[in-house]
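This report concerns only the one structure given below.
The values are calculated or read from the model by the stated rules, or taken from the named source; none is laboratory data. Everything numeric in this text was worked out from a predicted model, so none of it was measured. A quick note on method: Cβ atoms are made from the backbone with ideal geometry, for glycine too, and the neighbour counts reach across all protein chains shown. Note: areas computed on protein heavy atoms with side chains; ligands, DNA, RNA excluded. Shrake-Rupley method; radii C 1.70, N 1.55, O 1.52, S 1.80 Å.
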Amino acid sequence: MERRTIGTGALSAGAVGLGCMPMSWAYSGSRQRGEESLRAVHQALDLGSDLLDTADMYGPFTNELLLGRVLRERRADAFVSTKAGLLVGEQHIVANGRPGYVRRACDASLRRLQTDVIDLYQLHRADPEVPVEETWGAMADLVRAGKVRALGLCAVGARGGRRPGNGLYDGTLRQLQRVQQVFPVSAVQAELSVWSPEAVTTLLPWCAERGIGFLAAMPLGNGFLTGTLVPGEGFEPDDLRARHPRFTAEMMAANQPLVAGLRRVARRHGEDVTPAQVALAWVLAQGPQVIALPGTKRERWARENAAAAALRLTPEDLAEVAALPPALGSWD
């Protein structure tokens, strides 16, 4: 199986990691069961999906605590990625990029994760009140101190209007150019999927030119591209999709041709191949530096996602996916 790297770390599955956010944040709270999530993490590691992606804000804090229970036993099996820079309040989220805070946040993450080093430490969002160079410099100090192995940056502006001509990732590219002058960027994380392909023309070329890893967040379109969601079925109030413009019953119905197209491609590869696996294989086909981070909290989906790393789409498959209609839904 193909190996891919971030910084000095080699990933055994190479292409599919595990996005741990849904286990304790942003999706249906009633379905967040710790023991079930733990089994999903163990299953992912067993299958070689060893990049575990979390953040201190997920929960907040509970996601790192959950992973810490696994890492206590299986640290050598995992490539650990977490993030800092966002604080969660009662009704809001704010950025904090002060160097002192970053140092304290890292120490707290290390304790929760029950490890002495973080493989990839990502800046979740830059603080508009703090020059990003100062924040990044503090993160670089953590590498020099041996607490962190590599640094990454999460994209900004990913949903700030998707009309043609908008520089969707201009802000991220400016940040990347600035922080690269301070300390090398090892990875960039941004949304990338069949229904949100914008990073292909902007961020991916920037990463490819510099040999920087690309972590594809939400590669299954928040679950839509799995084909398991029913239009009009609704979501729990705490589920981010309850307020998402593409998850109204009308828009979910209008975007069904995307799922139908993925199903057609899947059938050509075998009756056991799923639309989700085709969606992940499409993401991986975008470049050798791309690592998909599908989120799940169930063993079944962890197995299915890991298997997508072995699925190779043909030029005809890729052409058919490229010809699918763009996703509909207002993002303004």
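Looking at the range 46-57, which of the residues that are closer than 20 Å to Glu299 by Cβ and assigned to a loop (DSSP other than H, G, I, E, B) is most open to solvent (accessible area, probe 1.4 Å)?
Leu47
Return a yes/no flag: does the range 143-150 have any residue that is assigned to a strand (DSSP E or B), surrounded by 15 or more Cβ atoms within 10 Å (Cβ to Cβ) and in contact (Cβ under 8 Å) with a residue 40 or more places away in the chain.
The answer is yes, given that some residue of the range 143-150 is assigned to a strand (DSSP E or B), surrounded by 15 or more Cβ atoms within 10 Å (Cβ to Cβ) and in contact (Cβ under 8 Å) with a residue 40 or more places away in the chain.
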*From the residues in the range 279-318 that are in contact with a Phe, Trp or Tyr (Cβ under 9 Å, 6 or more places away or on another chain) and charged (D, E, K, R), which one is least open to solvent (accessible area, probe 1.4 Å)?*
Asp317
*Looking at this structure, is Arg163 modelled with pLDDT under 95, within 16 Å of the chain's Cα centre (by Cα) and basic (Lys, Arg)?*
no
*Run down Ala253, Ala276 and say which single residue is of a type in the set (Gly, Ala, Ser) and open to solvent by 50 Å² or more (accessible area, probe 1.4 Å).*
Ala253
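Of all residues being within 15 Å of Gly7 (Cβ to Cβ) and of a type in the set (A, V, I, L, M, F, W, C) in the range 110-122, which is farthest from the chain's Cα centre (by Cα)? Just the residue, please.
Val117
Of the residues that make up the range 246-268, is at least one out of contact with any Cys (no Cβ under 9 Å at 6 or more places or on another chain), under 14 Å from Met218 (Cα atoms) and hydrophobic (A, V, I, L, M, F, W, C)?
Taking the range 246-268 first, the residues out of contact with any Cys (no Cβ under 9 Å at 6 or more places or on another chain) are 246-268.
From what is left, the residues that are under 14 Å from Met218 (Cα atoms) are 246.
Still in the list and also hydrophobic (A, V, I, L, M, F, W, C): none.
No, there is no match, as no residue in the range 246-268 is out of contact with any Cys (no Cβ under 9 Å at 6 or more places or on another chain), under 14 Å from Met218 (Cα atoms) and hydrophobic (A, V, I, L, M, F, W, C).
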*asked:* Restricting to the range 58-105, give me the number of residues that are open to solvent by 40 Å² or more (accessible area, probe 1.4 Å), free of Cβ contacts under 8 Å to residues at least 24 places away in the same chain and either among the small types (Gly, Ala, Ser) or assigned to a loop (DSSP other than H, G, I, E, B) (or both).
replied: 4
_Thr115, sole failed condition from (1) outside any loop (DSSP other than H, G, I, E, B); (2) in contact with a helix residue (DSSP H, G or I) (Cβ under 7 Å, 6 or more places away or on another chain); (3) within 18 Å of Leu51 (Cβ to Cβ)_ = (1)
*Which of the residues belonging to the range 1-45 are at pLDDT below 85, more than 17 Å from the chain's Cα centre (by Cα) and open to solvent by less than 20 Å² (accessible area, probe 1.4 Å)?*
Gly9, Ser28
*Do you know which residues across the range 197-225 are buried (at least 23 other Cβ atoms within 10 Å of the Cβ) and more than 24 Å from Pro275 (Cα to Cα)?*
Leu203, Gly213
